[in-house]
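Nothing in this text is a laboratory measurement; each read-out follows from the coordinates by a stated rule. None of these values were measured; they are calculated from a predicted model. Positions of Cβ are generated from backbone atoms using ideal geometry, with glycine treated the same way; all protein chains shown enter the neighbour counts.
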Protein chains: 2
Amino acid sequence: MDPTARILRLLSLLQTYRHWSGDELSGRLEVSPRTLRRDVERLRDLGYPVETSRGTYGGYQLAAGTQIPPLLLDDEEAVAIAVGLRTAANGAVSGIEETSVRALAKLQQVLPTRLRRRVEALAVATETVPGYTESVDPDVLMTIAQACRGSEQLRFHYTANDGSETSRLVEPHRLVSRHRRWYFVAWDVDRGAWRTFRADRVARPFANGVRVPPRELPAEDAASFVDTALRSRPQPFTAVLRLRGTAEELRGRVPHWMGEPVADGTDSCLLRTGADNLEWLAISLAMLDAEAELLEGTPELVAALTRLRTRAERLTVH
Amino acid sequence: MDPTARILRLLSLLQTYRHWSGDELSGRLEVSPRTLRRDVERLRDLGYPVETSRGTYGGYQLAAGTQIPPLLLDDEEAVAIAVGLRTAANGAVSGIEETSVRALAKLQQVLPTRLRRRVEALAVATETVPGYTESVDPDVLMTIAQACRGSEQLRFHYTANDGSETSRLVEPHRLVSRHRRWYFVAWDVDRGAWRTFRADRVARPFANGVRVPPRELPAEDAASFVDTALRSRPQPFTAVLRLRGTAEELRGRVPHWMGEPVADGTDSCLLRTGADNLEWLAISLAMLDAEAELLEGTPELVAALTRLRTRAERLTVH
DNA sequence: CGGCTTGCGGCCAGGATCCGGCCACAACGT
DNA sequence: ACGTTGTGGCCGGATCCTGGCCGCAAGCCG
């Protein structure tokens, strides 16, 4: 049997975090113990440390090394990873959206179709934060990401700010995550210019398979291009609060992402916070485990808080 | 150079979702084009479909097949996957917690220490749902999972229901996720009996490296054992609501995980829902985009709703 | 301490493979 | 029609892989 395939199987056996005796392994791989020892040695040469123990109940086990060995996944694990990455890519964890999309693109590229269906089925069951539903369809995101990577042309329908829908043909350059939203920079073929698009406004994206040589972006990088484009847009919703208590006391009671309370007098703090979803901001304020006073807030925010209050009232008064 | 290593490098190049010409690939791998063709053939034999195109701008690309090829990740991607799986394992996505833990255990086992630190740093920055913070430390979960898998003894400190803390030595059998919580079944060595523990009440778990032959659990499987143990516990919080509107109208406005509204009369529905976190349930009810009436709810739930109302009131009245 | 188990790695010989080079051929784009 | 690029058969020589054998070392147990 082919040594390459055998090494991969050995790796996959060792990755199950189990203690394997030499006999078990050589039995499963259908080779002599001597060959197994050589295979283990080969793995070590490749940089994947296999720990061994001798004597009664001795055997082999894979340990953490300096590089990551090829991950051999079964169906379920692959689905779990895909689902986890999708939520992460949608901003559930801040700071790794872009990497999540990259990893997801890599996985998606090789994911058998039967598993894709399972991923989708599970993603539907994703528990969303109440009132916070605005997110991109990960499939759209993936199509864009793969078109970027493979420098393929992309055709899609785009809903502009004013609600008008157009059909576009572009050469996507890069995806960028900003403020819990996905944008991408692309060369608009019809208009002959660089444009920034919001991924959540893209419908029916389709990579037509036409490969084109990558273009040079007239900016330092895609992120700064998007930032420049965004600078002229309206700000998301913000609020300023006065909280009762010292900064010390409030630490741990104010969620991390809301920002740091700043001392303001002996027994109160100022909290300057914001979010780009109104309902979400309202809930977060109402859930603050502290005596709070709203110093600044748009009328919409006040309206959202009032809505929340009214609903809670209706529910508690029979 | 070793063919095994070369095949892995080839796989890693192909996984970047790019179009590679034969010359590029054979150049990178430092072999002749003929050998590259043979390597590609070998990949195909292993079941990983490599698509090719001929003619000008021809080349190779990895496609989705029937099985998942070994995933070759760089540092950042591995971190993103680990973080994504941690959130998924903590119940952010329902239904795949157990698989996420399994995949995470596999990854964790081989994750270099430098990356572990990065995963932890990022996990701290995880945005949590306001008011919903009860979760297990993923490191604790991992230690337990790996002790189960490797049938190692585990020592830890456990906080019982009444708050008393004890030190335990057990042989862990299996992790089980139920109702957004993690439990595990283990043979308690000191007490000589099977016990169910809650993972979030475990502190300082330590696998002492002592391997023991697996014991047989006196139940069909671990999940049913946990269910039996849980049956005598108090139920999580529940509520029954009457919503205005037909089932048709309410579909899409009621979050999936809350359950299905059931028609009750011509223009109203009954919704029977529950959660095991009081604050979370209260928010979810208050955020329902429908005219609602609370038919049944424990006094605690009413109190939580009142708290929410009061806070929203304070914020809107200056 | 001695016996048992289990892994280690050197050595050997026969056989399988791997590799590069060559070639006629088949798609594909221009 | 022509150039480009991948395909796969064939060949010869170098390399390797494998299994068997061995003496050895490291744990475990009594």
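Values for this structure:
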| read-out | value |
| --- | --- |
| Chain A - mean residue ellipticity at 222 nm from DSSP helices (-39,500 (n - 2.57) per run, n ≥ 4, rounded to 500) | -12000 deg cm²/dmol |
| Residue (of B:306, B:254, B:238) at the positive-pole extreme of region B:237-316, dipole from beta-carbon charges | B:306 |
| A:19, A:157, B:173 arranged by Cβ crowding within 10 Å, fewest neighbours leading | A:157, A:19, B:173 |
| Neighbourhood net charge (12 Å Cβ-Cβ; Lys/Arg +1, Asp/Glu -1) for residue A:165 | +2 |
| 3J(HN,Hα) from dihedral phi, region B:181-188, Karplus parametrisation 6.51/-1.76/1.60, rounded to Hz, x for glycine, proline | 10, 9, 10, 9, 9, 8, 8, 7 |
| Peptide A:108-118, shielding by other chains (average Cβ, 10 Å cutoff) | 4 |
| Cα convex hull of chain B, projected area averaged across orientations, nm² | 26.0 nm² |
| Region A:237-316, Rg to Rh (Cα coordinates; Rh as Kirkwood inverse mean 1/r) | 0.98 |
| Per-residue Cβ neighbour rank within 10 angstrom, fewest leading, A:46, A:85 | A:46, A:85 |
| Positive-end extreme of charge dipole, chain B - chosen from B:53, B:10, B:148 (charges on Cβ) | B:10 |
| Pairwise centroid distance, computed over Cα atoms, of region A:188-233 with region A:238-273, Å | 39 Å |
| ³J(HN,Hα), Karplus 6.51/-1.76/1.60, whole Hz, each residue of region B:107-116, x for Gly, Pro | 6, 4, 4, 10, 6, x, 4, 4, 6, 4 |
| Loop-exposed trypsin sites (Lys or Arg not before Pro) per DSSP, neighbour cap 11 Cβ within 10 angstrom, longest uninterrupted part of chain B | B:55-190 |
| Computed Rg/Rh of the protein assembly as shown, alpha carbon atoms with Kirkwood Rh | 0.99 |
| Partner chain coverage, peptide B:8-19 - average Cβ within 10 angstrom | 4 |
| Neighbour net charge for residue A:247 - beta-carbon separation under 14 angstrom, K R +1, D E -1 | 0 |
| Total charge dipole magnitude, the protein assembly as shown, about the Cα centre, Cβ charges on Lys, Arg, Asp, Glu only, Debye to nearest 20 | 1460 debye |
| For chain A, built as a Gaussian network whose Cα springs stay under 10 Å, the top-fluctuating residue of A:15, A:146, A:67 | A:67 |
